[in-house]
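Asks: Sharing a structure below in structure tokens format, with a few things to ask.
Read the figures in this text as sums done on the coordinates, not as results from a lab. Nothing here was measured: the structure is a model prediction, and the numbers come from that model. Glycine gets a Cβ as well: all are built from the backbone with ideal geometry, and neighbour counts include every protein chain shown.
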Amino acid sequence: MSSELSVNHLLGIKYLQKEDIDLIFKTADHFKEVINRPIKKVPSLRDITIANLFFENSTRTRLSFELAEKRLSADVINFSAASSSVKKGETLIDTVNNILSMKVDMVVMRHPNPGAGIFLSKHVNASIINAGDGAHEHPTQALLDSYSIREKLGAVKGKKVVIVGDILHSRVALSNIFALKLQGAEVKVCGPKTLLPKHIESLGVGVEPNLKKALEWCDVANMLRVQNERMEISYFPSTREYIKQFGLNKKILDSLNKEIVIMHPGPINRGVEITSDVADSDHAIILDQVQNGVAIRMAVIYLLAARIKQ
């Protein structure tokens, strides 16, 4: 197993190799042990400065990255576009160059435009981590999702995973499909026809329009929320209609002839894609995903920093 990543940036899962994922998981195992100790910090990145650039709202991802950086003893600069000169018309390049002139080694960026991280990586001399770019990719979320499946079921290879909900607008879905396929899982998607990308099968995934059948088939169901903020038109008749066809409740779960694992990347719209009694049940590993997010992000930052130091 290689001891270093094959990439200088984490822009998307599609640029990673299977060995990269194995290495990230092995490193995350170590950090998971660290964050469960009484003293949760390691001095690994004392000489590294990381800027968190969030051009879109985020709570969990931003806090998770910040915590991961502080656990590694990095110096952290937080930047929120909502309260910055971006509002006055400053370009992405100018913003970043200003931050880089402060001698920043790594940039964690969330941006509404797909490909923003790739654009940045070509123009600035720092390691870039994509924390979500539009409806394109969200690589650390897919890594923590796969890591959580591995932790719960022992492996990702050979497992059947269904991703349910708004696939069309979801960066989580795309990154998950890439990550799961790379590790040898079988993947299906389930949701309203209008919320499935036209050529989704070309990614090697199956389409199952019936939620009950999808759940009967799978080992793991990853429930996504409907991303109303990315919709300019209505993609289904009503929320009530959506809940009736694609909402997961305890009654459906109990009617299955087996136990399945329930995941959700958050934020949860309780009572829409998933009811509270499912979200809070023993089937759900939603809080494990949150905890694993810190370990995975520590691993990614640590491994990319090792390449900076060379």
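Asks: Compute the distance from the alpha-carbon center of the range 285-310 to that of the range 8-55, in whole Å.
Replies: Centre-to-centre (Cα) distance: 3 Å.
Asks: Taking the Cα centre of the chain as origin, work out the dipole magnitude from +1 charges on Lys and Arg Cβ and -1 charges on Asp and Glu Cβ, in debye rounded to 20.
Replies: Numbers: 40 positive and 34 negative charges, 16 e Å.
Computed charge dipole of the chain: roughly 80 debye.
Asks: Same structure again: Given Cβ point charges of +1 (Lys, Arg) and -1 (Asp, Glu) and nothing else, what value in debye, to the nearest 20, does the dipole of the range 139-289 about its Cα centre take? Spell out each step's value before the answer.
Replies: On the way: 20 positive and 18 negative charges, 64 e Å.
Dipole magnitude for the range 139-289 comes out near 300 debye.
Asks: Can I ask one more? Leaving out same-chain residues fewer than 8 places away, which aspartates and glutamates sit with a Cα under 17 Å from that of LYS103?
Replies: ASP47, GLU69, ASP75, ASP94
Asks: Another question about this same structure. Calculated from DSSP H runs of 4 or more alone, at -39500 (n - 2.57) each and per residue, what is the 222 nm mean residue ellipticity of the chain, nearest 500? Mind dumping the intermediate values first?
Replies: Values: 11 runs with 122 residues, N = 310.
Mean residue ellipticity at 222 nm (helix-derived): -12000 deg cm²/dmol.
Asks: In the range 234-310, if the dipole is taken from +1 on Lys/Arg beta carbons and -1 on Asp/Glu beta carbons about the Cα centre, which of ILE296, GLY271, ILE252 is farthest to the positive end?
Replies: Towards the positive end, the residue furthest out is ILE296.
Asks: Would you mind telling me the antiparallel percentage of the DSSP bridges in the chain, rounded to 5? Let's see the in-between values first.
Replies: On the way: 1 of 35 bridges.
Percentage antiparallel, nearest 5: 5.
Asks: Let me ask something else about it. Would you mind checking which residues have amide H under 5 Å from LEU10's amide H? H placed 1.01 Å from N; only 5 or more apart, or other chain.
Replies: ILE128, ILE129, ASN130
Asks: Would you mind telling me which residue in ILE39, ILE99, ILE262 has the biggest mean-square fluctuation in a Gaussian network model of the chain, where springs connect alpha carbons within a distance under 10 angstrom?
Replies: The residue that fluctuates most here is ILE39.
Asks: Need one number: nm distance between label points at ASP22 and LYS152, each 7 Å from Cα along Cα→Cβ, rounded to one decimal.
Replies: Computed distance between label sites ASP22 and LYS152 equals 2.5 nm.
Asks: Okay, moving on. In a Gaussian network model over the chain where Cα atoms closer than 10 Å are linked, find which of GLY115, GLY191, GLY206 has the largest mean-square fluctuation.
Replies: It is GLY206.
Asks: Along Cα→Cβ, 7 Å out, is where each label goes; now give me the distance between the ones at MET102 and ARG270 in nm to one decimal.
Replies: With each label placed 7 Å out from Cα toward Cβ, I get 3.7 nm.
Asks: Going highest first, how would you order 246-257, 211-222, 135-146 by mean Cβ packing within 10 Å?
Replies: By packing density, highest mean first, the sequence is 135-146, 211-222, 246-257.
Asks: Would you list, by chain and number, the lysines whose Cα falls below 22 Å from the Cα of LYS152, excluding same-chain residues fewer than 8 positions away?
Replies: Those lysines meeting the cut-off are LYS18, LYS26, LYS32, LYS160, LYS181, LYS188, LYS250, LYS258.
Asks: While we're here: Using the Kyte-Doolittle scale, which helices in the chain average at least 0.5 and also have C-alpha atoms spread 24 Å or more along the helix axis, with helices defined as whole DSSP H runs? Write down the numbers at each step before the final one.
Replies: Details: long enough: 18-35 (25 Å, -0.23); 286-308 (33 Å, 1.15).
Helix filter hits for the chain: 286-308.
Asks: Want the number for LYS213 to SER73: 0.36 nm per residue separation, take away the alpha-carbon distance, what's left? Spell out each step's value before the answer.
Replies: Details: separation 140, 0.36 × 140 = 50.40 nm, distance 4.73 nm.
Value of the extension gain: 45.7 nm.
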